[in-house]
1. Open to solvent by 50 Å² or more (accessible area, probe 1.4 Å) and closer than 27 Å to LYS327 by Cα: does that describe ARG187?
2. In region 619-649, which residues are open to solvent by less than 50 Å² (accessible area, probe 1.4 Å) and more than 28 Å from TYR561 (Cα to Cα)?
3. Criterion first (of a type outside the set (S, T, N, Q), free of Cβ contacts under 8 Å to residues at least 12 places away in the same chain and open to solvent by 70 Å² or more (accessible area, probe 1.4 Å)) does GLU14 satisfy it?
4. What is the residue count in region 531-579 for residues that are in contact with a Cys (Cβ under 7 Å, 6 or more places away or on another chain) and farther than 21 Å from GLY625 by Cβ?
5. Are any of the residues in region 505-518 in contact with a helix residue (DSSP H, G or I) (Cβ under 8 Å, 6 or more places away or on another chain) and at pLDDT 90 or above?
6. Could you check region 228-336 for helices (runs of 4 or more DSSP H) lying wholly inside it with 2 or more residues that are touching a strand residue (DSSP E or B) at 6+ places or on another chain (Cβ under 6 Å) and not charged (D, E, K, R)?
7. What is the residue count in region 270-321 for residues that are open to solvent by 40 Å² or more (accessible area, probe 1.4 Å) and more than 21 Å from the chain's Cα centre (by Cα)?
Amino acid sequence: MKAIDIARKLAQLEQGEDACRAYALAIHENNGQDPAQDMESALYILEHGGDYRVSYTCFRNLYDHGHFREDALSVMTQAFYQPNEEALRERYEKNRALLAPYPYFFREDFVPFEDLPIRFYPYDDDGYLPFFPAEERFGDYINFKNPVVSRNFFKDLEKPILAEDVYSQYELEYLRDNVRKSEHVARENHVYLHYTDWGTFCAHLQVLDLRPLLREQKLVFLIGEEISQYPIDFKERFGIDYSRFVPHGVDIRELNRLIWHTQLSTHNGGDFFNEVFDAHPNLLMYPSVFLSNMEEVVQSVEKSLLSVKNLKELRQVFGAWPFRVAKQLYEMKGRTPKDIMAAIYLRDKKQNPLLDKDSRIVPALFFQPHFPNLVYDLRVDEERNQAILFSSDYEKIRNSPLFQGFKYIKTFTPMRRITTSHGAAVKFMDDRAEEKIKESGKDVIFDDALFNRVLNRSFMIDPSDRLYRDSVLVRFEDGKLNAKATFTALAAFLDLPYTETLTYCSDEGRLDPESYKGNVRGFDPAAIYKTYDGYVNDDERCFLEYFLREAYEYYGYDFQYYDGRPMDEAEVEKLIGGFTTMNKFIKKTWKNFFRDTRETPEGLVQTEEEIEAEIETVADGYIDGIAEKRLRNSKILMRGLRLVNLQGQPLRMMPALRLDPALLEQPLYH
């Protein structure tokens, strides 16, 4: 029986809730083939309290495809537009009243509300569907508060910022908050907003809130041909000579923009990206610091501030700080962990050797909170046929007040070929284990780094997650082989100017540092072609490529060990049996640990050979247990369960950074 038949039957039985669900399924099943059926379904759902968005979308699709246009538009207007028309009109009139006396707005001939070229139909709590009466069409859904900066506003800082047709409330506030006051930089530094069409500008006054944008008088509005006035000579036209002001250093609460450099996994090329962004004139840098360390420093600073009783004591306790920063933090009302973190960035001069203190924009905070390792857990929800991916490390970031305090967050994630990254991580773990034994005599136990990497899907995100709403993934290989194209595109995404500092690697001003003993320096591409044969074998590489094949395909990596054909459980089990390299390292560290911690039962005398045989048996049992866990989790992954996060939201691939083909110096790496 079809969904529509079930829906009609349930409707006859007056089982409204179930009927609504069945009608929604019928719309999906119909896929627009029978417009009359869709109209019936949408009307029932709307009239009987179902998900109105299903009806709304269906009516809009019917209208756009020329079916029941008059009826569909009539229902949408009565149900969604008219109940909100008065609120839209009221906002329009308020914004008109705000603009009338505004000194940097030069038009008076506002379009009457009834003649506006766009009607905004509220769709949900966040956004609208625009309707264009003259063209008899609906536009795409718009959320004016969507926390995404969609363009490179700060590409060129030679002249005052000029932006065209900005209708996002979020982006308008972003410009207000991140362009410094003319008085503070002692030169003309307004934000010039050019709107190409007067009617379209007027229409958007229904949905924008101009009051918080106009308060500081940072914005200059230019409509149509008024663009010829850019930039305005404020001394001549308004009698304001900004050069007479004294430049003002950046205040702690001006810092509201965070660039989160994520740690996708270990040995993913993160140090390389830190070195490229080092010394950028519009960044305050604090790369590769453990999140826990930053939190501890923030807590320590707060404790010290609470112990201070007056400015004299402040000078003594915070003697190493710039006094202006310490005083501002000390006297701040409602001080938050984010405020303290921002102050820590401002105080650390060695991290910011080339910071442009006279810049037109507020510097962004560049932060790579680091973890010793990123471990993901897989939890199966049989009822919903889904697998929950959970990382306690990511949850620490998501819930950290250090992140929650920032209004503007840009996120970028470096990715390196997964098999190469894994081999490098195993080598590092082995080197560190040897160093640790020499330093302290303590053993380090290897975890199952290979399967941890299979479960690590941090390239998959919840698009509604605040920390990932404005995110992009960039490949390590592109940064090495096509540096200009990569960092031009990445700077544009991060809304930074592409500066000379992005053409070389440095660390606190030192050129081409060695991030770790033996690592290649600077833009040397040798790291791309390392195979780490002693640290990962072909069965392990094939396993990684098979279970992470969606990442390979989506981000443009060719398979080198997996042939692309489907696999069954027997083949996967055979591959797991070939994890001899990973097992070797796990077993070696486990044997050392067990040898040092085992206790011989009282009265039992064993030869050295017997002790070693016992240790070997225990280590083999440990490896067998790991192999069983690998196989169990592999079977779960092979079922093709829908992947969700801890909040139950489906995970999708993080968008990939797109490079300008004209800037490529070499063919794209595959």
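The values are calculated or read from the model by the stated rules, or taken from the named source; none is laboratory data. Small disclaimer: the values here were computed from a predicted structure and weren't measured. Please note: Cβ atoms are built from the backbone with ideal geometry, for glycine as well, and neighbour counts cover all protein chains shown. Heavy atoms of the whole protein, side chains included, go into the accessibility calculation; ligands, DNA and RNA do not. Shrake-Rupley method; radii C 1.70, N 1.55, O 1.52, S 1.80 Å.
1. yes
2. Of everything in region 619-649, those that are open to solvent by less than 50 Å² (accessible area, probe 1.4 Å) and more than 28 Å from TYR561 (Cα to Cα) turn out to be ALA619, GLY621, VAL644, ASN645, GLY648.
3. yes
4. 2
5. The answer is yes, given that some residue of region 505-518 is in contact with a helix residue (DSSP H, G or I) (Cβ under 8 Å, 6 or more places away or on another chain) and at pLDDT 90 or above.
6. Because the criterion is at least 2 residues that are touching a strand residue (DSSP E or B) at 6+ places or on another chain (Cβ under 6 Å) and not charged (D, E, K, R), the helices (runs of 4 or more DSSP H) in region 228-336 that meet it are 270-277.
7. Number satisfying all stated conditions: 19.
Here is a yes/no grid of residues against (1) modelled with pLDDT under 95; (2) of a type in the set (Asp, Glu); (3) over 24 Å from HIS370 (Cβ atoms):
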residue: VAL276; (1), (2), (3): no, no, no
residue: LYS303; (1), (2), (3): no, no, no
residue: GLY319; (1), (2), (3): yes, no, yes
residue: ASP339; (1), (2), (3): no, yes, no
